[in-house]
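Taking it in order: structure first as structure tokens, then the write-up.
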Amino acid sequence: MSTPPSGIRKFFDIVASVKDVISLGVGEPDYDTPWRVSEACIYSLERGETHYTSNYGTIELREAVAEYLQQREGLIYNPKNQILITVGVSEGLDLALRAILNPGDEVIVPEPSYVSYKPCISFAGGVPVPVPSYMDAEFAVDPNAIAEAVSDKTKAILLSYPTNPTGAVASRETLQQIVNIACKHDLYLISDEIYDRLTYEGKHTCVPTLDGAYERTILLNGFSKAYAMTGWRVGYACGHPEIIEAMMKVHQYTMMCASTMAQVAAREAIKHCWDESEEMIEDYSRRRRIIVKGLNEAGLKCLNPKGAFYVFPSISDTGLSSEEFSERLLFEEKVAAVPGNAFGDSGEGHIRCCYATSIDKLEEAVERIARFVRKI
Amino acid sequence: MEKQILAILSKDARTSPEKIAVMLDKTEQEVIEAIDKLEQRGVIRGYRTIIDWEKAGREQVNALIDVRVSPSRGVGFDDVARRIYKFGEVKSVYLVSGEYDLRVVVEGKTMHEVAFFVAEKLATLEGVLSTRTSFLLKTYKEDGVVYGEKEVDDRLPVS
């Protein structure tokens, strides 16, 4: 009961009360799911595939995930006992935390980061230990700060690169240093890599591929961002058979299995939609440059993020707080952008803008933001 | 960079070099030069507007005409194809596999005009054995663009 409602949710209620808003507040692709994916699902319904699946998910989808991870990352996971199909990464995260945490265990979370992390840790009986990261370091967390945050109660480090809301990626070296800390103190790593495909510069580093990481990492991923499938709610968790089994137990008693039709769709996507996915990603990257240039010209200092589809410009020069800025921008110029403090205290002084929106709208939004900034 | 430029222009030919430069993190000059080269090499064949002529109120009839021909020695189908594509009424000509050899798209003002063109001009060409004409009744999708559908953004404004 003491957990506050999501800052995103709170802002959503305000945005919903204003008409004709250009929203940079969304957290999902503007593409529709590739039709062949939807069609595969429809066909499965026609064939009557509407029953429960294995608690782990269909073996066909698990095999497809295993094959995908082997091809892309060189990772070997046994589809029989090392992969669990979840209801989005959201459920995977909850399961992972519930599986590994005992009451009072601490989880280190770099911030700013996705709004669910801290509440989910608390729900699982754990204690979130946020470690801030800053714009000067392009929002990549400092491994030394992580090392300092380790206590004898620390159980896990929760990573998410590329990051929502900053678009930050962490270098392979940085991540290896964090893995080394985890090895030294025998900690779990939970790596939410839902934005992995949306890496624009350099290659994405998949955490379990790092030295010493495989055994202790729970890899979380899904289909929402890479294949424009947010509403389908399918994800997967990979890791050591013992952890996956523990997660499966919670999943078994609370969820049974991910939606059968969505699993069929996800398999179609991961097997056949790499090209569509690449096209979307190239398109996001182009829009990213448009919004970065526009916001900087508007007077908001904005990094060129290397991943995800968000920019996280600084608004501190305006003298307004994140919430004041977002609310006034909404009411005065009808542009919605999420206040940065929704993503942790270190997000204060920023707003999150999603650029998964048409270029015309992005340009219009940037113009309005510029007008607003001049006015303050 | 060329591949990226083509991807952008194929979606919207009116995207300015300035905007493309921002999108690809290049200078405007680099983009202009790259486009020039693509035009010179004939990779970019032209810039057109996709028009829903029915909506524009222009009376127009399109027909798909399958043509069976006897290829002539040495030049194969090319000679007959050339005789066909020279006509201004002909919008496209394809060599296809299957029962017929050439697929021709013909545009005219009235059905009568198109039928007349086929009977008088196409069918009588040397080497043409037979034709089969299908009049186009409705366009649902053309070059990747779905007609009559407006995009609606039904995502939650904040998530």
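The values are calculated or read from the model by the stated rules, or taken from the named source; none is laboratory data. Note that the structure is predicted; figures quoted are calculated from it, not measured. Neighbour counts run over all protein chains shown; Cβ positions are idealised from the backbone, glycine included.
Details
- Qualifying residue in the stretch A:140-147 (condition: among the small types (Gly, Ala, Ser) and at pLDDT 95 or above): yes
- The stretch A:36-82, residues that are assigned to a loop (DSSP other than H, G, I, E, B) and of a type in the set (S, T, N, Q): A:50, A:53, A:54, A:55, A:58, A:78, A:81, A:82
- Tally, over the stretch A:104-125, of residues that are in contact (Cβ under 8 Å) with a residue 40 or more places away in the chain and assigned to a helix (DSSP H, G or I): 5
- Of the helices (runs of 4 or more DSSP H) lying entirely inside the stretch A:274-376, those carrying at least 3 residues that are over 24 Å from the mean Cα position of the chain (by Cα), more than 10 Å from chain B (Cβ to nearest Cβ) and not basic (Lys, Arg) are A:322-333, A:359-375.
Results for (1) within 14 Å of chain A (Cβ to nearest Cβ); (2) in a loop (DSSP other than H, G, I, E, B); (3) touching an Asp or Glu at 6+ places or on another chain (Cβ under 7 Å); (4) loosely packed, with under 10 Cβ neighbours inside 10 Å, shown as yes or no for each residue.
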{"site": "B:113", "(1), (2), (3), (4)": "no, no, no, no"}
{"site": "B:138", "(1), (2), (3), (4)": "no, yes, no, yes"}
{"site": "B:150", "(1), (2), (3), (4)": "yes, yes, no, yes"}
{"site": "B:155", "(1), (2), (3), (4)": "yes, yes, yes, no"}
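- Search result, residues across the stretch B:1-15 that are in a loop (DSSP other than H, G, I, E, B), within 13 Å of another protein chain (Cβ to nearest Cβ), loosely packed, with under 14 Cβ neighbours inside 10 Å and under 23 Å from the mean Cα position of the chain (by Cα): B:12, B:14
- Boolean, residue A:122 is crowded, with 21+ Cβ neighbours inside 10 Å and polar (S, T, N, Q): no
- Hits in the stretch A:222-261 - residues which are more than 20 Å from residue A:69 (Cα to Cα), touching a Gly at 6+ places or on another chain (Cβ under 9 Å) and surrounded by fewer than 22 Cβ atoms within 10 Å (Cβ to Cβ): A:230, A:257
- For the stretch B:58-78, residues that are among the acidic types (Asp, Glu) and not in a loop (DSSP other than H, G, I, E, B) total 2.
- Exactly one residue out of B:81, B:34 is part of a helix (DSSP H, G or I) and farther than 25 Å from residue A:290 by Cα: that is B:81.
- Output for the stretch B:37-55, where each listed residue is over 29 Å from residue B:136 (Cα atoms) and either in a loop (DSSP other than H, G, I, E, B) or in contact with a Ser or Thr (Cβ under 7 Å, 6 or more places away or on another chain) (or both): B:41, B:42, B:43
- So residue B:129, is it outside any strand (DSSP E or B), exposed (fewer than 14 other Cβ atoms within 10 Å of the Cβ), of a type outside the set (Phe, Trp, Tyr) and more than 14 Å from every other protein chain (Cβ to nearest Cβ): no
- Qualifying residue in the stretch A:192-208 (condition: over 27 Å from residue A:288 (Cβ atoms) and in contact with a helix residue (DSSP H, G or I) (Cβ under 8 Å, 6 or more places away or on another chain)): yes
- Of all the listed residues (B:66, B:79), the sole one being under 21 Å from residue B:137 (Cα atoms) and touching a Gly at 6+ places or on another chain (Cβ under 9 Å) is B:66.
- Of all residues in the stretch A:92-103, none are more than 22 Å from residue A:159 (Cβ to Cβ) and within 14 Å of chain B (Cβ to nearest Cβ).
- Here A:72, A:62, A:47 are screened, and the one residue that is away from chain B (no Cβ under 14 Å) and over 22 Å from the mean Cα position of the chain (by Cα) is A:47.
- Total residues in the stretch A:99-119 satisfying the condition of being surrounded by fewer than 18 Cβ atoms within 10 Å (Cβ to Cβ) and farther than 21 Å from residue A:194 by Cα: the figure is 3.
- Note on the stretch A:90-103: residues that are in a helix (DSSP H, G or I) and more than 15 Å from residue A:189 (Cβ to Cβ) amount to 5.
- In the stretch A:8-33, residue surrounded by the most Cβ atoms within 10 Å (Cβ to Cβ) [restricted to those that are within 27 Å of residue A:273 (Cα to Cα) and within 8 Å of chain B (Cβ to nearest Cβ)]: A:25
- Every residue from the stretch A:34-53 that is surrounded by fewer than 11 Cβ atoms within 10 Å (Cβ to Cβ) and free of Cβ contacts under 8 Å to residues at least 60 places away in the same chain: A:35, A:46, A:47, A:48
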